[in-house]
Amino acid sequence: MAKWGQGDPRWIVEEREDGTNVNNWHWTERDATSWSKGKLCELLVGIAVENEAGRCEISELKQVEGEASCSSRKGKLIFFYEWNIKLGWKGIIKESGAKHKGLIEIPNLSEENEVDDTEVNVSKKKGDGNILKDLMKTAGTAKVREALGDYLKALKTEFTMGMILPTKAMATQELTVKRKLSETTLQASSPVALGVRIPTVALHMTELFDTAIEQLYRIFTVKDLVQKFSKSPAVLEAEKGRKFQMFDGNITGEYVELLTNKKIVMKWRCRNWPEEHYAIVALNFVPSLGQTELQLDCKGVPVCEEENMKFCWQKQHFEEIQGLLQLITLNG
């Protein structure tokens, strides 16, 4: 038995004041389900194939059922994913101009099968147009499998960023470099927090809503309205310094600034982001000829989450709010 302090460092869970899982000893798990749905939609919808007879395109993600996760233990990553996917496709025959629609089903995308062996079933509605079905079964299937391969690569690289943490030696080396670069401004006695840096990006999005500023502002700040557009439980009290939860706890944060009918600033994070990492989201409400333009500025989004963040705001916020506004209008 090794003497105290002389053991193999790979087997030592070193003490840290901030409780970080140094040397990656502990079992940690990150839910990749929400991220995966956004990534699969991004990679699959829009795939197009063409030959001299016709052109086909995957037009929508009809269904994506299942789950995915990534676990870390002793510096190794373990992946689990199991998906049942249905896609809608449409095509046009060049000579006649006839249009046809069909379905692509991927019944079992999982770690048990190689991507090249994953079952991809192509079907078409009754009638002519089998030439388009054949195009999707050959070139289309190949592109679908290629996109599934890209999803798995992203799952194992983008999504896992920050899960394998530096050992104490690596952290100490990074700290030494920091001190050398800033020795003119840092005193030796100053406490320096050790942590894992992640690359981030900034996003800017705009959406025009056919409603008054007051109504749109309420949709973001009144609990009942938030629950209606998100179609899930929410916990919130729109006041500076108050915390909130949305989408059944998948989104959490804190209100930093609220200017009634003008601006909302929040600390904002997804559940699967690196622990304690928040982006800053600013919502600006701008009047525009009887409508309201919402300007979203977001800083500090993890690079690997950029597309998922865009998907979240466009699909789960903007489009759902548009639907809620139509419902409010119909109900008077």
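For region 234-295, rounded, prolate or oblate, judged on the Cα gyration tensor with a ≥ b ≥ c (square roots of eigenvalues), a/c < 1.5 rounded, else prolate if a/b > b/c? Cα axes put region 234-295 in the prolate bin. Extension gain for the segment N84 to L259, taken as residue separation times 0.36 nm less the Cα-Cα distance, is 58.6 nm to one decimal. Remark: the K240-N108 segment gains 42.9 nm on full extension, using 0.36 nm per residue and subtracting the alpha carbon distance. For region 69-137, which whole percent of the accessible surface, found with a 1.4 angstrom probe, sits on carbon and sulfur atoms? Carbon and sulfur: 44 percent of the exposed surface of region 69-137. Exceedance of the 30 Å cut-off in Cα-Cα distance is limited, within the set K153/K299; K90/K223; K153/K228; K223/K315, to K90/K223; K153/K228. Between E95 and Q215, the modelled label-to-label distance comes to 5.3 nm, taking each label 7 Å out from Cα in the direction of the beta carbon. Full extension of the chain between E119 and D134 yields a length gain of 3.8 nm, computed as 0.36 nm times the residue separation minus the alpha carbon distance. Output the relative contact order of region 40-145, whole-number percent, from Cα pairs under 8 angstrom with separation of 6+ residues. Computed value for region 40-145: 25 percent relative contact order.
When the square roots of the Cα gyration tensor eigenvalues are ordered a ≥ b ≥ c, the ratio a/c for region 194-312 is 1.5 or more and a/b exceeds b/c, which makes its shape prolate. Assuming charge only on the beta carbon of Lys and Arg (+1) and of Asp and Glu (-1), the dipole of region 94-163 about its Cα centre is about 600 debye to the nearest 20.
In straight-distance terms, cross-link reach from K125 covers every one of the aspartates and glutamates whose alpha-carbon lies under 20 Å from its own, apart from those fewer than eight places away in the same chain; here that gives E50, E57, E60, E95, E105, D134. The simple Förster model, with R0 at 25 Å and r as the Cβ-Cβ distance, assigns Q326 and L61 a FRET efficiency of 0.65. Shape summary: region 287-332 maps onto an equivalent ellipsoid whose semi-axes, from the alpha-carbon gyration tensor, are 27, 14, 5 Å in decreasing order. Can you bin region 40-133 into rounded, prolate or oblate? Criterion: square roots of the alpha carbon gyration tensor eigenvalues sorted a ≥ b ≥ c, rounded for a/c under 1.5, prolate for a/b above b/c, oblate for the rest. Taking the square roots of the gyration eigenvalues as a ≥ b ≥ c, region 40-133 is prolate. The relative contact order of region 95-165, computed from alpha carbon pairs under 8 Å that lie at least 6 residues apart in sequence, is 26 percent.
Can you sort H317, H100 by 1.4 Å-probe accessible area, starting with the largest?
So, going from the largest accessible area down, we get H100, H317.
Ordering C312, G290, A279 by the projection of their Cα atoms onto the charge dipole of region 224-332, which places +1 on the Cβ of Lys and Arg and -1 on the Cβ of Asp and Glu, puts G290 at the extreme positive end.
The values are calculated or read from the model by the stated rules, or taken from the named source; none is laboratory data. Remember, predicted model here, so these are calculated numbers, not experimental data. Virtual Cβ from ideal backbone geometry, glycine too; neighbours counted across all protein chains shown. Only protein heavy atoms, including side chains, enter the accessible area calculation; ligands, DNA and RNA are left aside. Shrake-Rupley method; radii C 1.70, N 1.55, O 1.52, S 1.80 Å.
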